[in-house]
1. Name the residue that is farthest from F147 (Cα to Cα), counting only residues in the range 83-127 that are acidic (D, E) and surrounded by 18 or more Cβ atoms within 10 Å (Cβ to Cβ).
2. Which of the residues spanning the range 112-150 are in contact with a helix residue (DSSP H, G or I) (Cβ under 6 Å, 6 or more places away or on another chain) and either free of Cβ contacts under 8 Å to residues at least 24 places away in the same chain or under 23 Å from L70 (Cα atoms) (or both)?
3. From the list S44, S66, S37, S16, exactly one residue is modelled with pLDDT under 95, loosely packed, with under 10 Cβ neighbours inside 10 Å and not basic (K, R). Which is it?
4. Looking at the structure I just gave you, is G151 at positive phi and not acidic (D, E)?
5. Being modelled with pLDDT under 90 and β-branched (V, I, T) is the requirement here; does T134 meet it?
6. Go through A94, A126 for me and flag whichever is more than 20 Å from S59 (Cα to Cα) and at pLDDT 95 or above.
7. Enumerate the pairs (first residue in the range 153-177 and surrounded by 18 or more Cβ atoms within 10 Å (Cβ to Cβ); second residue anywhere and of a type in the set (G, A, S)) with beta-carbon separation below 6 Å, excluding pairs fewer than 6 apart on the same chain, so at least 6 apart or on different chains.
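The values are calculated or read from the model by the stated rules, or taken from the named source; none is laboratory data. In this text, all values refer to a predicted model and were calculated from it rather than measured experimentally. Heads up, the Cβs are rebuilt from the backbone with ideal geometry, glycines too, and the neighbour counts pull from every protein chain shown.
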Amino acid sequence: MCLNAIDDLFAAFAESTSAFGVRAGVQIGTPPVVFASHGLDARSPASGLDPEGRFRIGSLTKTFTSAMVLGLIGDDQLDLDDRLATWLPDYPRAADISVRQLLVHTAGTADPIFDDVDAHLTMLLADPARCFTTDEVVGFAGGLPPFAEPGDTYRYSNTDYHLLGAIVEQISSSTFGSCLLSVADSSGLRQTSM
């Protein structure tokens, strides 16, 4: 009965939002976990979603990035008012952008997804399996005109979090991916992978 109710809820959500699909695991009491899904697998549209399959993390990395940054602040390796120029001195207006502004999307940085979508999509679709380096991502965004003056206005920004990831890499002397997996592992997310 519980699985049917969850599946009905997922079906209604997918239809009301035009989502390709939804998937979740719900633990009721002690194990077992009840897995449910609704929708199609984008990689294999002829089949439905595997209830125990995985999704790409996407923008949820911002939550993990924030946790890493706040951990560095807690360890006195970083301060909310530190300037981006400490780590990326060549980034446009780096001396005027604070860690705090990056965290709360008020740094005024350009975001290729919003500010140069055609070039961004062309680059991504040219080789969908390509993994871009931090320097490439930061360089592409830094080559666009700023959206606003640092601190002037809020706008959701992938670039701000790429810049925070670059700071995390420099302070930790590790790749962002290995830092992300470390946070996921310490959070008990044992099936997280890169």
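1. Out of the qualifying residues, it is D116.
2. Listed by number, the residues that qualify are H120, T134, V137, V138, P150.
3. S16
4. yes
5. Yes.
6. From the options A94, A126, the qualifying one is A94.
7. Hits for this filter: T159/A141; D160/A107; F176/G165.
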